[in-house]
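The values are calculated or read from the model by the stated rules, or taken from the named source; none is laboratory data. Nothing here was measured: the structure is a model prediction, and the numbers come from that model. Because the Cβ atoms are built from the backbone with ideal geometry, glycine has one as well, and the counts that use them run over all protein chains shown. Ligands, DNA and RNA are stripped out before the accessible areas are found, and what is left, the full protein with its side chains, is counted by its heavy atoms. Shrake-Rupley method; radii C 1.70, N 1.55, O 1.52, S 1.80 Å.
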Amino acid sequence: AAALLGAATLCFVLACWFERILRRRAPRELRCEVLVGGESGSCSFAALIDTGNSLVEPFSQKPVIVCERAAVAAALPLLAHAGEEGIPGIRYVFYKTVGSSGMLPAVEPPLLLIRTEGGEWRSAAGAYLAVTDRPLEAGGCRAVMNPDLLNRPVSVNHQKVGETL
């Protein structure tokens with residue numbers, strides 16, 4: 001009985017240790033600013049970094065930022081008509097939440113930057129921007145984003161950011 005209890009305790013300790021090592025680390029910042037540049041200009045909005053968000057575009061496996069359609073309609077008019085058939089450049093991302101599931105239209109915008117709470121701009125080039133017509137109710141943020149976007153190397157031309165703004 002003592003050996004069984006000792007083995008169970010050892011297994012528990014090892015399982016806790018492995019979980020701590022392998023667990024996704026929560027970002028220090030929980031909010032950031034997203035700057036989107038498109039064919040009709042640029043826009044920026046606040047985004048919530050959602051540690052439970054693992055949403056990726058299904059073919060490329062690139063991370064996705066989900067935002068309210070109204071937040072990006074001026075910069076990316078392509079997304080304003082995303083529900084219509086046959087629009088080139090639109091990809092659909094499958095999602096599932098506690099209360100619903102479905103598909104969101106998404107594009108890979110020409111310019112996508114993230115500014116962390118520390119003021120550092122990070123490139124999110126290659127990530128997708130998906131839109132929803134529902135308000136996100138994310139504490140004043142107009143978008144939720146996959147935290148994997150913060151693990152990318154910083155490579156931003158700060159002069160170009162100033163010109164875009």
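Results, tabulated for the structure shown:
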read-out	value
Contacts under 8 angstrom Cβ, first residue in region 127-142 being within 19 Å of LEU35 (Cα to Cα) and touching a residue at least 24 places away in the same chain (Cβ under 8 Å), partner of a type in the set (A, V, I, L, M) and assigned to a loop (DSSP other than H, G, I, E, B), 6 or more apart	LEU129/LEU76; ALA130/LEU55; VAL131/ALA82; ARG142/LEU136
Test result for GLY89, closer than 13 Å to GLU57 by Cβ, surrounded by fewer than 17 Cβ atoms within 10 Å (Cβ to Cβ) and modelled with pLDDT under 85	yes
From GLY99, GLY52, residue being within 20 Å of LEU30 (Cα to Cα), free of Cβ contacts under 8 Å to residues at least 24 places away in the same chain, open to solvent by 10 Å² or more (accessible area, probe 1.4 Å) and not β-branched (Val, Ile, Thr)	GLY52
Condition check for GLU39: under 22 Å from TRP121 (Cα atoms), open to solvent by 60 Å² or more (accessible area, probe 1.4 Å), modelled with pLDDT under 90 and over 15 Å from the mean Cα position of the chain (by Cα)	yes
Test: residue in region 75-86 that is of a type outside the set (A, V, I, L, M, F, W, C) and modelled with pLDDT of 85 or more	no
Condition check for LYS96: touching a Phe, Trp or Tyr at 6+ places or on another chain (Cβ under 7 Å) and more than 22 Å from GLY140 (Cβ to Cβ)	no
Matching residues, region 99-129, being among the hydroxyl-bearing types (Ser, Thr, Tyr) and either closer than 13 Å to CYS67 by Cα or part of a strand (DSSP E or B) (or both)	SER101, SER123, TYR128
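Okay, residues lined up against (1) open to solvent by 70 Å² or more (accessible area, probe 1.4 Å); (2) modelled with pLDDT of 90 or more; (3) touching a helix residue (DSSP H, G or I) at 6+ places or on another chain (Cβ under 9 Å):
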residue	(1), (2), (3)
VAL107	no, no, yes
ARG115	yes, no, yes
GLY126	no, no, no
ASP133	yes, no, yes
GLY139	no, no, no
ASN146	no, no, no
VAL156	no, no, no
